[in-house]
Structures are given as C-alpha cells and as structure tokens.
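See below for the structure under consideration.
Taken together, the values in this text are just the output of simple stated rules run on the coordinates, not laboratory data. Note that the structure is a prediction, hence the values are computed from the model and not measured. Using ideal geometry, Cβ is built from the backbone for each residue, glycine included, and neighbour counts are taken over all protein chains shown.
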Amino acid sequence: MHREPVAAHPDRLRWNARYETSPADFAPHPFAAEALRAGVPEGRVLELACGRSGTALALAEAGRCVVAVDVSDVALSQLAAEASRRGLAGRVECVLADAQAYAPELGGFAVVMATRYWDPDVFAAACRAVAPGGLLLWEALADVDGGRWHVEQGELSARLPAGFEVLREETHQAGRHRTSRLAARRALR
C-alpha cells in the first residue's frame, strides 16, 4: 500500500472508526457498470475517496487496473485483503492519502470516479486526470440543507472544464440522502 502522510488526519480517525465497527460490504456502485458500458479507452481507473470499494473490485474483475485512494487505512486494508482473496491484488493499488492532498497524474486515467464525495479542488484535479476519450464519473451529496460538502443541482456539470461532454447528470434519492450524479467524457483532443 502506497502511503501519503495522513497519520493524524481527523477524517482518517473518523472513517477508521466507522470501518472498524461496520460490516464489510463490497457491493459495487452502479458507476462500475456504467464505466464498463461506456466504451472507455484502455487504461487505468482512479477512484478517489474509495473506502472499501466494491467498485474497484468489480472493475478489476473486468480487467482494469485500479488506483484506489482513501484517507482510511482500515478501509484500504479491507479492500486489499478482499482483492487478494479474489486474486486481484495485482490489479488494485491502494493509496493511503487524503484526496485533497493526492496529486493524480495529468491525463493518466481512462476513468476517474468518486462517490458521495465533494470538494471543488479535488473535482478540478480529477478532471485534469482524465485521459482524452476517458470518463469522469462523480457523485456528490446534494441534500437541500447541504453545506460545504454538498453540491447544488447542476453544479457538477457547471464546474466541468472545456473539452468535456456531459453524458448524463441526474439527481438520485438514496434513503434519506439525495445525490447528484454526473457522467462526462473528455474529448479526444
């Protein structure tokens, strides 16, 4: 597991406590199926703020190499153990880092995704990490009484830089939370 300095990060402590006390669930997000259907170019997948991502596992099972970034070493250890159990250890690279501090390779990923996460600076860096012809798949909380870590309706597409085509943007109700989902493709040139 690749590590960035996050030992005393408050989000690490909070998320570690959550992952230590909740049962492991490796169900993939619907974005995994979307990424496989969308006809993206060959290349790596970057999942930011991934937790113990079933999405990373599903994409690795489909033959993709996935870089999974999260601030929780507990979640990443669980993800790495499950990847190993499934024979996917060589396809899932776990990176312990705060998404705000992680610097993805420019244009280095066929798919860049995050689910239930929002930070405008991380979103901008994620857009720059998408390879030409690649996909950006993003889901952020969009509750009406939101706040700093929530988006407003249409905000994801409004923040896309030039050169991206919106494939789909929708609001989704999941239990007590509402999310905004975006699928966008970066132009080939």
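Summary table below
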read-out: DSSP-assigned coil residues among trypsin sites (Lys or Arg not before Pro) in the stretch 36-101, each with at most 15 further Cβ atoms within 10 Å; value: 86
read-out: The chain: calculated mean residue ellipticity at 222 nm from DSSP helix runs of at least 4, using -39500 (n - 2.57); value: -8500 deg cm²/dmol
read-out: Correct choice for P(r) over Cα pairs in 10 Å bins from 0, in percent that was computed from the model, options [x] 9, 34, 37, 16, 4, 1, 0; [y] 10, 38, 39, 12, 0; [z] 8, 26, 28, 20, 12, 5, 1; value: [y]
read-out: Pairwise label distance in nanometres, residue 159 with residue 77, each label 7 Å out on the Cα-Cβ vector; value: 3.2 nm
read-out: Sparse-neighbour loop sites [chymotrypsin sites (Phe, Trp or Tyr not before Pro); the stretch 102-189; at most 13 other C-beta within 10 Å; DSSP]; value: 149
